[in-house]
Amino acid sequence: MIAIDEQRLLGRIHELGAVGRDGEGRLIRLAASDADRQGRDLFVGWLRQAGLDVAIDRIGNIFGIWQTPDNAGQAPVFIGSHIDTVIDAGIYDGCYGVLAGLEVIETLKASGLVPSRPLAVAAFTNEEGVRFSPDMMGSLVHAGGMGVEAALAAIGTDGKTLGAELARIGYAGEYEPGFLKPHVYVELHIEQGPVLEREGIPIGAVENLQGISWQRVTLDGVANHAGTTPMSMRRDAGYAAARVATFLHDQAAASNSPTVATIGTMRFEPNAINVIPSRAVFTVDLRDPDELRLQAHEAALSAFLEQVAAEGIAVTVERLARFEPVVFDRQVVELIERAARKRGLASRRMTSGAGHDAQMMARIAPAAMIFVPSAGGISHNPREHTEDAELVAGANVLLDVVAELVGTEGRGNG
Ligand code: HGY
Ligand code: MN
Ligand code: MN
């Protein structure tokens, strides 16, 4: 069985992981930032070294394409993920899947295989959504779920537009988003959860992905003196925000379901120790594999906010992202399970708790994901870790899945 070049893949993961460190050594490569440009430049350099055609679309999605004269023009098999990161990130989230995709193409190219279809590795713009909402934006635009002009006009947390920032970093490409229609899409990613490690299983065959609801809530009360204002006379936006946070957490925790609720950002105005906050702005991340339950949790939040409004706090809610749960392609999931079995690797079907570009690509092509274990289930944290042997095993399963899809006998001829 052919296998990937382990050292090349592992070396690149660590080399890319060193790009975009701040003064405290934290990894921060927010979409369309200078650090993101450095990571993009490094990745594009590797694509060119591998002899791939490089295409960049108007939303900054990067594609490395291997096509031969006799398969040119056919819909490619896509391998993708992202290389933008959250704040103080680990080095594997997204990057592992993109670099493993490049590694698979280089290995197949060197193996002499004559693929029945072109192969493309994609690094999608702004998967994390930390600076610009919604997340998975580049793949969403590619899949036709968001207009490119609306995406380019997205205003970041720093007030800049994505379009201006992509132009500034030199990644406002010329291709129209969606110019390359995938035949099949496969994404390799760390699990970012505890299941595979807890069960001692090296491969996850991801069959579905939960729904995501992102909102920004602004609560407006009245600033007043912390010392002279009786508790009965306060319209305290900070206290109201704390009550909403408690409500959301307790509601999800008590729901006896996979529902999760997170308030990841919160700020007060005027943000002074002795001033009752006049304003609180925070974000709500609600997720559930079941669409109706997700809607029920959104409705419960809305009802609680109405109660807060009745107590004299003005409430403004802005929708940042809303994606329904996604079911992946059964045939591709079964192909992943077969590939794992052939390598003597146990696998299990699972749901993705995290959002991924695959959920967008599933709108336009059969898609599925391969997971590898995350140590302690930790991610979006510099302690994010997956053992080298697990990373290599996942990449070899991806290799076998793709080889089958573009081989003579695989789905690639379908
Ligand atoms: O939010 C997510 O699940 C992904 O990391 N963008
Ligand atoms: Mn990711
Ligand atoms: Mn992530």
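Numerical summary
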| item | result |
| --- | --- |
| Residue within the range 353-360 that is acidic (Asp, Glu), part of a helix (DSSP H, G or I) and within 22 Å of the chain's Cα centre (by Cα) present | yes |
| Unique residue being away from ligand 3 (no atom under 16 Å from the Cβ), assigned by TED's automatic domain parsing to the domain that holds Asp236 and part of a helix (DSSP H, G or I) when the list is Val308, Val392, Val317, Val333 | Val308 |
| Residue, surrounded by the fewest Cβ atoms within 10 Å (Cβ to Cβ), within the range 60-78, restricted to residues that are β-branched (Val, Ile, Thr) and outside any loop (DSSP other than H, G, I, E, B) | Ile65 |
| Residue match in the range 356-370 (condition: small (Gly, Ala, Ser) and within 16 Å of ligand 3 (Cβ to nearest atom)) | yes |
| Residue satisfying all of: in the range 350-368; in contact with a Gly (Cβ under 6 Å, 6 or more places away or on another chain) and within 19 Å of Val86 (Cα to Cα); surrounded by the fewest Cβ atoms within 10 Å (Cβ to Cβ) among these | Gly353 |
| Residue among Gln215, Gln192 that is modelled with pLDDT of 95 or more and outside any strand (DSSP E or B) | Gln192 |
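Let's see how each residue does on (1) modelled with pLDDT of 95 or more; (2) surrounded by fewer than 16 Cβ atoms within 10 Å (Cβ to Cβ); (3) more than 16 Å from ligand 3 (Cβ to nearest atom); (4) not in a strand (DSSP E or B):
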position: Arg322; (1), (2), (3), (4): yes, yes, yes, no
position: Ala339; (1), (2), (3), (4): yes, no, yes, yes
position: His380; (1), (2), (3), (4): yes, no, no, yes
position: Leu398; (1), (2), (3), (4): yes, no, yes, yes
position: Val401; (1), (2), (3), (4): yes, no, yes, yes
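The values are calculated or read from the model by the stated rules, or taken from the named source; none is laboratory data. Treat the numbers as computed from the prediction; the structure is a model and nothing was measured. Cβ: placed from backbone, ideal geometry, glycine included. Neighbour counts: every protein chain shown.
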